[in-house]
RNA sequence: CGGGAUGUGGCGCAGUUUGGUAGCGCACUUCGUUCGGGACGAAGGGGCCGCAGGUUCAAAUCCUGCCAUCCCGACCA
C-alpha cells in the first residue's frame, strides 16, 4: 500500500475530548473517527489491525475445534423473555437497544447471543452423539452503555468475538473451559499483550465459574487484587481476603451510650476511644427485583469494612430466586415517599424493628437481615440503639435476638491478608478487561428449554459455556500497553503494516527508484509493506511513521547513492545503516521469525 | 439518572466580564524558495459562533429553555 492512497489524515493537536493516551493516539493517527457518543468508524489502518487480531482469534478458535458462524443482530423479544432477561436488559438502566418493527413487534439489538445460539442449538441438536459443539462469531455488538468512555474501551457499538459451547455433561464443559483458557492465553500473547487471568464475577451473564483476562495498564477501569506469590488474582468485585483481626472490646456490661452528632464510624470512634473493628454498622438498602417488588434490607458489617455490592447482589439473587435490577440506599426522601416516618440513620442497629415498615406503600414490610461474617464473628460489639444519638456497647448477637443470614459481603482491599496464605498481603493493580470466559451450566438451556437425549434415553438440558473477547477494545488496549511520547508502537503481529518504507526525498530519482525496488521486493515476499510516496518533507514522514507505530521503518535517503539504507525498530528506535540487500534480508528474517 | 465542566471553520484555542456584526495556530488551495525530524514567503478558500426563543437600534457576548460532548459514580468485552 502507498501512503498517497491510504487516506491518511493525522492531527498535530490532540483532540480535547480524548482522555487516555490510546484514545488520543487513535484519533491523532486517523485510526478511528467518532460518529456519535460511543460509536466509532474504524478507518482503514484500524480495520487492518482488527483484521489481524481477528485472524489470530480465528486460528486459535479453529485449532480447538470451534465452528465460525454469523448470528443475527436483531433478536425477537420473546426469546429474551423466555430466558428472563428482557426486563433486566431493557427496563430501567438496561443496556439493550430495543425497538418495534412495523407490526409493533418488539426487537432487541444483540448485546450478547446466548438466547439466539441456544435456540439454534436446541433446534439442531437432538442427541448426545452430536455433542460437544462450540460455535463462535466475530461481530458487532450493541450495548447502550450508561456512560460510554475512552473511545473503543467502552463504546456502544463494538466488535466482539463470542463463543458458545454445548455439552452433554459438566466434565466435558470443564474440559472445553480449560481449553478456552489456554487458547485465550495464546491469543493474547500472540497479539503481543501482557495479560493476567483473574477470578471474576459472572455478572448479568450468570453461571458458575468465570475468569477474566486483563491487560495490565494504569488507565484500566478494573481494580485487580493479586497475591505476591502470583497464586491468587481476582477482580475486586469478586476478591476474597482475610480481614484483619478485630481489636477485642474489654469486658463490660451492656449499656447505652449517648452519641450526639456521632453518625459516622469515625466520629463514634474518636469520641469514645473505639476502634472501627469493635463496631457493627448497619446499612439500610432497598433491593428492586425484576418483577418490580421492592425489598428493604439491613446489612450489618464490621465498622472497618466496606460493602461489596456485587457479592450482595449475587447473594440476594439466589435468596430471592429472581434477578435484581437495582440496589439503592434507603434515604429519608424514599421513606417520605412511602409515607414512613423518620428513621434513626446513624444509629441503626441490626435489630431495627419491622414495625417501621408497617405502613409502607409499595415496599415489603419485613426486612431481610444480612450480616457479613466478620460482623457475626464479633463476640461483643458497639452498635446503634435505633434511637437518634444513642448507641449500645458490650452487645452480643444473642442480646439483639436477630439472626441475620450470613455470608461474605465485604470488599477485599489492597493490604488485606490473602486467604490462601495469611502471611501475604494483597496488592492492587489496574487492568482492562479484554476477555471473559464462563461456565454457564444449564442456566440458559433450562430457561429456553434446550435439550437433547442422553445416553440413557432421557431428555436433558445442555451444559453450556460462553467465552468473549472484546476485539475492538483489545486493539486499543494494545496501544495503552505499547506506546511512547511520539506515538503508538504496534506489536508486529497486529500492526496495520509490518514495515514502512520512507524515501527521505521522493524527488530524488535514485531514492525514488530504490524505494520502489525494495517495496516491490518486500511485497513479493509477502510482507505487509507501506511505501510513503508522498511529496512531503522527510521530517513530516518520520513523525507520521512514529505516530502510526509501524514496527519497522526503512529509510532510503542520502546514502542511497552508495546502496545503503537505514533500518529502524520502532519500539526501541534502534537504527542500523546497512547495504540494501542486507537490510532487506535482515528485515525478512526478523519479520518471518517473529510472525506468530 | 445524580455531581462537575465545555460547546466559536477539519483539529487546538482566543474573543463573552464591559453587546457594535469574528480572530489566531495547525490543516487545506495556488505560486515561489526549501528538502533527514511536523520549513519559509506571498496570495487564497472555508464559520447560520450547539439549537430555539427573548431583551436591544444592534447579540458569539445579556436572559430563558432545550440539545450535545467530556470528566466523577452505577454498567461491561
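Observations
- Computed log₁₀ I(q)/I(0) - Debye formula, equal Cα scatterers, no solvent, the range A:497-594, q 0.17, 0.19 Å⁻¹: -0.65, -0.83
- Isotropic mean projected area of the C-alpha convex hull, chain A (nm²): 34.1 nm²
- Between helix A:170-190 and chain A: long-axis angle, C-alpha atoms, 0 to 90°, nearest 10: 50 degrees
- Exposure proxy ranking, count of Cβ atoms within 10 Å, fewest first, for A:98, A:126: A:126, A:98
- Share, in percent, of DSSP beta bridges within the range A:497-594 that are antiparallel, nearest 5: 55 percent
- Inter-label distance for residue A:538 and residue A:405, nm, one decimal - labels placed 7 Å from Cα along Cα-to-Cβ: 7.3 nm
- Difference of contour (0.36 nm per residue) and Cα-Cα distance, residue A:594 to residue A:171: 148.6 nm
- The ranking of A:9, A:527, A:196, A:471 from fewest to most other beta carbons within 10 Å of each one's beta carbon is A:9, A:196, A:527, A:471.
- The relative contact order of the range A:1-129 comes to 14 percent, based on Cα pairs under 8 Å that sit 6 or more residues apart.
- Rounded to the nearest 0.05, the FRET efficiency derived from the C-beta distance between residue A:256 and residue A:336 at R0 = 30 Å is 0.60.
- Summarising the strand pairing of the range A:255-407, around 70 percent of its internal DSSP beta bridges are antiparallel.
- Angle in degrees between helix A:44-63 and the longest Cα principal axis of chain A, rounded to the nearest 10: 70 degrees
- In chain A, the longest principal axis of the Cα atoms and the axis of helix A:580-594 are about 30 degrees apart.
- Cα centroid separation, the range A:156-200 to the range A:1-46: 30 Å.
- Highest to lowest packing among A:62-73, A:408-419, A:36-47, scored as the average C-beta count within 10 Å: A:408-419, A:36-47, A:62-73
- Mean-position separation - Cα centroids, the range A:319-347 and the range A:114-135, in angstrom: 43 Å
- The range A:497-594: relative contact order as a whole-number percent, Cα under 8 Å and 6+ apart: 29 percent
- Note: relative contact order over chain A, using C-alpha pairs below 8 Å and six or more positions apart, is 17 percent.
- Residues A:141, A:358, ranked from the fewest to the most other C-beta atoms within 10 Å, line up as A:358, A:141.
- Per-residue [θ]222 nm for chain A (sum of -39500 (n - 2.57) over DSSP H runs n ≥ 4, rounded to 500): -8000 deg cm²/dmol
Every number in this text was worked out from the coordinates using simple rules, so none of it is lab data. Quantities reported herein were computed from a predicted structural model and do not represent experimental measurements. Don't worry about glycine lacking a Cβ; one is built from the backbone with ideal geometry, like all the others, and counts go over all protein chains shown.
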